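Remarks on the structure that follows.
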Amino acid sequence: VGESDVALNVGVSGPGVVKTALEKVKGESMDVVAETIKQTAFKVTRMGQLVGQEASKRLGVDFGIVDLSLAPTPAQGDSVANILEEIGLESVGTHGTTA
């Protein structure tokens, strides 16, 4: 029992997708916001899993893991700060924030 010599791991970035989903529930309760984030994270992770499994099958290697990251990428608007602002924080990176 152990790990194979070669495995395909998939990393997906989700801030932009989460922000887009939150735009659709603007003004809703925090329960709706939390559920939207949870459902969106599941969908993004599931897509990464399906793509990873198919790619590993075609490559003839084991499928490893899916890593959903909310870490920012260089892409404009792909930041957790945008998610926090969409939820209602006035401005990330201003007085009273840690960014």
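The magnitude of the dipole of the chain, with charges of +1 and -1 set on the Cβ of Lys/Arg and Asp/Glu and taken from the Cα centre, is near 260 debye.
For A34 and L84, the difference between the fully extended length at 0.36 nm per residue and the C-alpha to C-alpha distance is 16.8 nm.
All Cα-Cα distances of region 7-87, cut into 5 Å bins from zero to the largest, leave 3, 16, 22, 19, 15, 11, 7, 4, 2, 0 percent in each bin in turn.
No value in this document is a laboratory result; all are computed from the given coordinates. Quantities reported herein were computed from a predicted structural model and do not represent experimental measurements. Using ideal geometry, Cβ is built from the backbone for each residue, glycine included, and neighbour counts are taken over all protein chains shown.
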